[in-house]
Every structure is written in C-alpha cells, then in structure tokens.
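**Student:** I am attaching a structure below and will ask some questions about it afterwards.
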Amino acid sequence: MRFTIAIDGPAAAGKGTISKALASHFSLAHLDTGLLYRAVGAQVLAGADPLVAVKSLHPEDLKASTLRSPEVALAASKVAVLADVRNELLALQRSFARRLGGAVLDGRDIGTVICPEAEVKLFVTASAMVRAGRRHEELRRIGTVISPEQVLADVLARDARDADRAIAPMVPAENALVIDTSKLAIGEAVAEAITIVQKVIEL
Ligand code: DC
C-alpha cells in the first residue's frame, strides 16, 4: 500500500506532534524533514560547506540532541534556501514518501514539491504569538535561557525566510486542508487530523 500524508506549516504550529500521532495511529512510517536541514545546518555551523555537508549526511546525524537549538534552527533555514542542498535531499524524501506501507512526512514543501500526489495534505499553522509562546516554553524546559521577545523575533525571521525564498517556499498546497492550532489544545488538533485521514481512507 502506498499512502502519503504530507504535513506542512511553520515552526511550532504543532505539525511534529500531529505527524507523530498520525503515524502511530495509522501505523505509518514518519520522517521529520526539518531534521535533514537541521543536520546540514549544524555541520555548516561547525565550519562545513553546505553541499559537502548534505552529500555526506548520515542517518545517525538526524539523532543528535543539539539539532533542536535555536542556532541550528536558524542555520537550517539558511541552508534551506540553497537549490543544491534542496536537490540533494529530494530523492531520499520522495522515496520515503512513496514507501510501501505508507508514510507521514512533515516539513515546508511536502505537499507542493516532495509529494504533490499525497493522498492527504494538511497545512498546520497558528499565530506567530502562539507559536513563539510554545517554542519559548519548549526551550525553557530543556534549559535554554532566551527572552520571549527574542523567540518571537526568531520565529518571525524564520517564517519570512521560509515563505519568501524562491525555491520551494512554505505555502499551503492548493488542495491542502488547513488546521489552525492557535485556539486548539494539541489533543483536539490531533483528533481533527485523525478524522480527516480516516475520511480519506474510507472514501
Ligand atoms: O521544521 P523545522 O523547524 O525543524 O525546520 C527547520 C528549517 O528547515 C526550516 O526553517 C526550513 C527548513 N525546512 C525546509 O526548508 N523544508 C522542509 N521540508 C523542512 C524544513
């Protein structure tokens, strides 16, 4: 069975949680594609050339705990504007999307570029204020000291870079269903996503 759920949206909108929950509920494989860009960004921060870094990417690199830091997030959104870097990551993401048994991928361009033929396309979003608040809380929990104002500024800068870039910008696919999690508890957002997917399966 080939069944792809494409989930796009800005940082801290809840797409990671929704993706994991869908993968677990429907027994699908899951790929957080942001980790690919974060792993390349982390190597660039350490002095590597972006193209060399992306060509030498190893599955183990996606497990590093440091990939969640704000510095790596910023570096990821910078390498993500590079056509060569994006092209290198295409084949891997496309074959994951169409793997037997089905898959959930979350990122910025899954429904538009990686898998336009996905059976389900969701665009998960929330207001910048709400997302910055969530990201600040997440960072606080892992011991990162950063002001709420700085987190909001980082969120807005990353949104602008991801949405305004020339190649594969973050934009809802034409036929994507939008889930706005600004006023939803995460459990409600997950329930809404499960209902959407279930309806497609029953068609
Ligand atoms: O989802 P994330 O916050 O982990 O993603 C980190 C950065 O990677 C994000 O700012 C933009 C980039 N990215 C992308 O350009 N395309 C994707 N499919 C996933 C992430």
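The values are calculated or read from the model by the stated rules, or taken from the named source; none is laboratory data. Here the structure is a predicted model, which is why all the values come from computation and not from measurement. Because the Cβ atoms are built from the backbone with ideal geometry, glycine has one as well, and the counts that use them run over all protein chains shown. Remember, those area values only see protein heavy atoms, side chains included, never the ligands or the DNA or RNA. Shrake-Rupley method; radii C 1.70, N 1.55, O 1.52, S 1.80 Å.
**Student:** Take the conditions among the β-branched types (Val, Ile, Thr) and buried (at least 17 other Cβ atoms within 10 Å of the Cβ) and apply them to Thr66. Does it pass?
**Tutor:** For Thr66, the condition - among the β-branched types (Val, Ile, Thr) and buried (at least 17 other Cβ atoms within 10 Å of the Cβ) - is not met.
**Student:** Kindly indicate the residue of region 86-114 that is open to solvent by less than 20 Å² (accessible area, probe 1.4 Å) and of a type in the set (Val, Ile, Thr) and also farthest from the ligand (Cβ to nearest atom) among those meeting that condition.
**Tutor:** Val104
**Student:** Check every one of the helices (runs of 4 or more DSSP H) wholly within region 2-55 and list those with 1 or more residues that are over 15 Å from Leu89 (Cβ atoms).
**Tutor:** Correct list: 15-25, 34-45.
**Student:** Do we have any residue at all in region 170-182 that's open to solvent by less than 40 Å² (accessible area, probe 1.4 Å) and at pLDDT below 95?
**Tutor:** Yes; the residues of region 170-182 include at least one that is open to solvent by less than 40 Å² (accessible area, probe 1.4 Å) and at pLDDT below 95.
**Student:** Residues Val130, Val72, Val145, Val79: which one is of a type in the set (Val, Ile, Thr) and in contact with a Phe, Trp or Tyr (Cβ under 9 Å, 6 or more places away or on another chain)?
**Tutor:** Val79
**Student:** Which of the residues that make up region 25-38 are more than 10 Å from the ligand (Cβ to nearest atom) and surrounded by 20 or more Cβ atoms within 10 Å (Cβ to Cβ)?
**Tutor:** Leu28
**Student:** Can you name the residue in region 115-169 that is over 20 Å from Ala75 (Cα atoms), open to solvent by 40 Å² or more (accessible area, probe 1.4 Å) and assigned to a loop (DSSP other than H, G, I, E, B) and, of all such residues, is nearest to the ligand (Cβ to nearest atom)?
**Tutor:** Looking at residues that are over 20 Å from Ala75 (Cα atoms), open to solvent by 40 Å² or more (accessible area, probe 1.4 Å) and assigned to a loop (DSSP other than H, G, I, E, B), I get Pro116.
**Student:** Identify, by number, the condition in (1) in contact (Cβ under 8 Å) with a residue 60 or more places away in the chain; (2) surrounded by fewer than 21 Cβ atoms within 10 Å (Cβ to Cβ) that Ser77 doesn't meet.
**Tutor:** The number of the failed condition is (2).
**Student:** Test Leu51 against the stated conditions and say whether it is more than 10 Å from the ligand (Cβ to nearest atom) and over 28 Å from Phe3 (Cβ atoms).
**Tutor:** Against the criterion (more than 10 Å from the ligand (Cβ to nearest atom) and over 28 Å from Phe3 (Cβ atoms)), Leu51 qualifies.
**Student:** Further, regarding this structure: Name, by its number, the condition in (1) part of a loop (DSSP other than H, G, I, E, B); (2) more than 28 Å from Leu57 (Cα to Cα); (3) aliphatic (A, V, I, L, M) that does not hold for Leu100.
**Tutor:** The number of the failed condition is (2).
**Student:** For region 183-203, name all the residues that are in a loop (DSSP other than H, G, I, E, B) and either surrounded by 12 or more Cβ atoms within 10 Å (Cβ to Cβ) or among the acidic types (Asp, Glu) (or both).
**Tutor:** Leu184
**Student:** Are there any pairs, at least 6 apart or on different chains, whose C-beta atoms fall under 7 Å, with the first in region 1-24 and farther than 14 Å from Val190 by Cβ and open to solvent by 10 Å² or more (accessible area, probe 1.4 Å) and the second within 10 Å of the ligand (Cβ to nearest atom) and assigned to a loop (DSSP other than H, G, I, E, B), and if so, which?
**Tutor:** none
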